[in-house]
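The values are calculated or read from the model by the stated rules, or taken from the named source; none is laboratory data. Computed from a predicted model, the values in this text were never measured in an experiment. Positions of Cβ are backbone-derived with ideal geometry, glycine not excepted, and every protein chain shown enters the neighbour counts. When the accessible area is computed, the model is the full protein with side chains, heavy atoms only, and any ligands, DNA or RNA have been set aside. Shrake-Rupley method; radii C 1.70, N 1.55, O 1.52, S 1.80 Å.
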Amino acid sequence: MFKRLTNVSDQEVLIGLSGLVRTENETTMEILFYLIEVEQRELYLPLGYNSLFDYCRRKLLYSEPAAVRRIKAGRCIKEFPEV
């Protein structure tokens, strides 16, 4: 649903956007940690998906590029936690 911001001041729009981006970044990291765990435990197999990619595409409804990016990022974090 599109939220109209016509009655919101410029300053409120900028502050709101900054807050949302911060939340988005935190949420993205959480998602990556969960994806790492799902892959490590192979939780997608008993659900009928043959790979984490298949699970991301069909269950989580990520586009192909979005699924690939998240899986690669998760694997990078797993291999190099300092990232």
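Whenever a residue of the stretch 57-74 is farther than 13 Å from Ile31 by Cβ and part of a helix (DSSP H, G or I), its partners that are hydrophobic (A, V, I, L, M, F, W, C) and open to solvent by 60 Å² or more (accessible area, probe 1.4 Å), lying with C-beta atoms within less than 8 angstrom and at least six residues away or across chains, give the pairs Val68/Phe53.
Residue-level analysis places Glu42 outside the set of residues that are of a type in the set (Asp, Glu), open to solvent by 60 Å² or more (accessible area, probe 1.4 Å), under 17 Å from Met29 (Cα atoms) and free of Cβ contacts under 8 Å to residues at least 12 places away in the same chain. Restricting attention to the stretch 45-58 and to residues that are open to solvent by 80 Å² or more (accessible area, probe 1.4 Å) and within 18 Å of the chain's Cα centre (by Cα), the residue that is farthest from Ala73 (Cα to Cα) turns out to be Arg58. Scan the stretch 1-23 for residues that are in a helix (DSSP H, G or I) and surrounded by 10 or more Cβ atoms within 10 Å (Cβ to Cβ) and the total you get is 12.
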